[in-house]
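Presented below is the structure to which this report refers.
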Amino acid sequence: MVGMSTLRTRAVHAGRDDLVELGVHAVPLDLSTTYPARDSAAEAARLDVLAGGELDGRMPVYGRISNPTVERFETAVAELEGCTDAVAFASGMAALSACLLAAVTAGHGHVVAVRPLYGTTDHLLDSGVLGTSVTWARAEDVGSALRPDTGLVIVETPTNPTLTEVDLDALAEACGEVPLLVDNTFATPVLQRPREHGASLVLHSATKFLGGHGDAMGGIIACEAGWARRLRQLRMVTGAVLHPMAAYLLLRGLSTLPVRVRAASATAGALAERLRGHPNVARVHYPARSGGALVSFEVHGDPVAVVGAVRLITPAVSLGSVDTLIQHPASLTHHIVAPTDRHAAGISDRLLRLSVGLESADDLWEDLDAALGTHNAEVTPSE
Ligand SMILES: *Cc1c(COP(=O)(O)O)cnc(C)c1O
């Protein structure tokens, strides 16, 4: 298990341990799409190895198969998540798609999933476009929803956008031999390492906290060697590769991940408290156990008006950036989920989701309070 102080240190150094040997300080960014080699027979033998999803530690053959800068990011995330391997993709959805295709091609295309999930994940599963079928189950009913052809169990915790916490130890036990995929985008390895609780696959939309600055898209699956081989094979044939420039930025983001997540979580906890006391707020959702940088709350008035009224906070989808973002899930992230399914999953039309960044809590509160409409002098902040 990676201790907290170790995590902070490894977040800075993982994926960069050889830089002193190399005589460089910044991570080398390799933008080659192809790699010259004079010996074609030797390259053919290497391709046979690479086609099996193995890495041979040498210069790549072609950019769709592997890339040294991307491998550094993979090494770092694998280590932070306590896994032997990680496989990076062009986005979080590309990473999830590869896992679903792996299940389908193994003849286990049935998925058991727990709602709520990220809206597009919900849609991908519900529509079955990749050849999967889904049984939606409550976390405590997952065991009885499993079938002989179940290839994956999929869960998010804390859930998006209601921030409900799922007991991963109990869920992993209920899954038995069936691989459990945990979307760890919200908690990050700073607050939760699902592998330690029995998950087989840990998914990140690296676009969010791992990158942390809203300027690079990516996805990654941390896992063990067998899954990594299958995922690399699928990535090679489907082409959903992470661009090396994005890998460079995402790896740079990792070095500040523990500091950013801890600071944003402290502010989010403070804002959740203040929101609880606001007369225009009906209900606040904040994870009691894991904490984190996200706060969701239901308003008495028009939630869309609140998004329109903020001035410091950025009115935008996405999360995990250095700046604070607010969005209305029913209009944006979960618009794609049918209203009946949305409501059954506990996503109220009056819910707003706040992704807290690194601004001061007082400045954020001033903006939120003004946007919510101040009708009660008692709720002005105390500090
Ligand atoms: C954003 C997000 C995704 C999808 O990731 P992309 O990088 O946008 O493809 C999946 N899960 C969660 C929890 C997310 O927030």
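Here, each number is a calculation from the coordinates, and none is a lab measurement. Everything numeric in this text was worked out from a predicted model, so none of it was measured. Every residue, glycine as well, gets a Cβ built from its backbone with ideal geometry; the counts of neighbours run over all protein chains shown.
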With a cut-off of at least 1 residues that are in contact (Cβ under 8 Å) with a residue 40 or more places away in the chain, touching a Leu at 6+ places or on another chain (Cβ under 8 Å) and among the hydrophobic types (A, V, I, L, M, F, W, C), name the helices (runs of 4 or more DSSP H) lying wholly within the range 271-383.
-> 303-309, 361-372
Tell me, yes or no, whether the range 308-316 has at least one residue that is touching a Phe, Trp or Tyr at 6+ places or on another chain (Cβ under 7 Å) and under 24 Å from Leu117 (Cβ atoms).
-> no
Under the condition of being surrounded by fewer than 23 Cβ atoms within 10 Å (Cβ to Cβ) and within 16 Å of the ligand (Cβ to nearest atom), which residue from the range 209-233 is nearest to Ala51 (Cα to Cα)?
-> Met217
Enumerated helices (runs of 4 or more DSSP H) restricted to the range 1-82, each holding at least 1 residues that are more than 30 Å from the chain's Cα centre (by Cα) = 19-22, 40-51
When both residues are 6+ apart or on different chains and their Cβ atoms are under 6 Å apart, which pairs have a first residue that lies in the range 66-86 and is closer than 16 Å to His243 by Cα, and a second that is surrounded by fewer than 24 Cβ atoms within 10 Å (Cβ to Cβ) and of a type in the set (Ser, Thr, Tyr)?
-> Thr69/Tyr248
